[in-house]
Each structure stands twice: as structure tokens, then as C-alpha cells.
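Below is one structure, written out as C-alpha cells; comments come after it.
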Amino acid sequence: FWCAFTLDKYLSIAMGRLPFLRAEDTIQALPMVIDDEDITLHGVQSHKPTYGRDCLLTATVAHIEIGRILARASQEQNTLPTTTGRPHVEAAVRSSQEIREWHSKLTPVLSGIVHPESLIPCFRRQQSILTLARLHTTMFVTRPLLLRDLSSVVPETEGQQYRDHLRSCIQAARD
């Protein structure tokens, strides 16, 4: 379900339509973050310490979470009025903060702190995918600021924040 959910977000945005699946409409639990060797005939081994261990499913859950941020941003952008830019700036600020919080919770292996060449291929792919997801989401939530001249709507005191978000959109596109 969660793979279909995440794929639905990317495809709906790429095609310019609303997603079919909404997180609010499901009671499906997120996947458990456990390794295959922790699953036995008698259930999940819980006596092993999981703190500090890298798990293959950590990236899957992180990808679902960035997909949820993307879904909220998409839904919000489709409901905001197009006549004024102020709500778009506020939405970009809010979503950008969510992205930063999401990124700060990633493990060092997945966050990019560890150089990709130092990782085994599986974790290297996961890190690359999550980096691309973060950059794509950053571009998506800040692109309305590129498409409008909001300088007349944004007060001078908030102008720097507006320009910072414009720069983050351009930097995400470059990265």
C-alpha cells in the first residue's frame, strides 16, 4: 500500500492531477523497521538492540514520510487562491520547515553526512533516492514563488525569507 501511495504522489504531481490515495483515508500502519534476520518463526525478536543499527526499511519509512509532506503540499497548493501570493509564501515556509525537520531525523547513513562512496550499494541507492526526494519536494513546495512576482505582496521585513526560499528552490534544482 505505502509503495503505491508514494508512487501515486510522484505520478500525480508529474501529470498535474490530484492524487488518488490520501493518507487521511487509510488506517494502514507504516511498515515495521526491522531486518529480515529479526523475524523468526515465533515472531519478531525484540531482545536485539535496534538503536544505532542501520536497517534497510528505515529508508522506506522515510520515503513514505517525505511522500506525506509532498501530498500535503500538493493538496494545499491546489486549494490556495491564485489571486494573491501571500498564502503561497506561508505555505512554502511551512512545508520547507517540515522538510528540514524530516531531514534532521534521518540517520547519518541516509541523511548524506556519510559520503555515498563509503556505503554499500544498497544504502548508497537509498541515500540517493532520499536526497532526490528531498530536492524534488523542496522544488515543488517553493516553485510557486518562482512563478509569481510576490515582491509587492511580501512586506520588506519578510523579503529576505522570500528570497531565501527562492534560492533554496534554485539550489535544489541545481543539486
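The values are calculated or read from the model by the stated rules, or taken from the named source; none is laboratory data. Owing to the predicted nature of the structure, the values given are computational and were not obtained by experimental measurement. Cβ placement follows ideal geometry from the backbone for every residue including glycine, while neighbour counts extend to all protein chains displayed. Side chains are part of the model used for accessible areas, which takes the heavy atoms of the whole protein and leaves out ligands, DNA and RNA. Shrake-Rupley method; radii C 1.70, N 1.55, O 1.52, S 1.80 Å.
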How many residues, within the range 29-43, are open to solvent by less than 100 Å² (accessible area, probe 1.4 Å) and on the phi < 0 side of the Ramachandran plot? 9
Sole exception among (1) open to solvent by 60 Å² or more (accessible area, probe 1.4 Å); (2) modelled with pLDDT of 90 or more for Ser128, by number: (1)
Output for Cβ contacts, cut-off 9 Å, separation at least six or different chains, first residue within 16 Å of Cys55 (Cβ to Cβ) in the range 104-125, second among the aromatic types (Phe, Trp, Tyr) and assigned to a helix (DSSP H, G or I), reads Val109/Phe123; Leu110/Phe123; Val114/Phe123
Residue satisfying all of: in the range 1-28; in a loop (DSSP other than H, G, I, E, B), under 16 Å from Asn78 (Cβ atoms) and among the hydrophobic types (A, V, I, L, M, F, W, C); least open to solvent (accessible area, probe 1.4 Å) among these: Leu21
Test: Thr83 is β-branched (Val, Ile, Thr) and at pLDDT 90 or above: no
Could you tell me whether the range 44-58 includes any residue that is loosely packed, with under 13 Cβ neighbours inside 10 Å, in a helix (DSSP H, G or I) and at pLDDT 80 or above? no
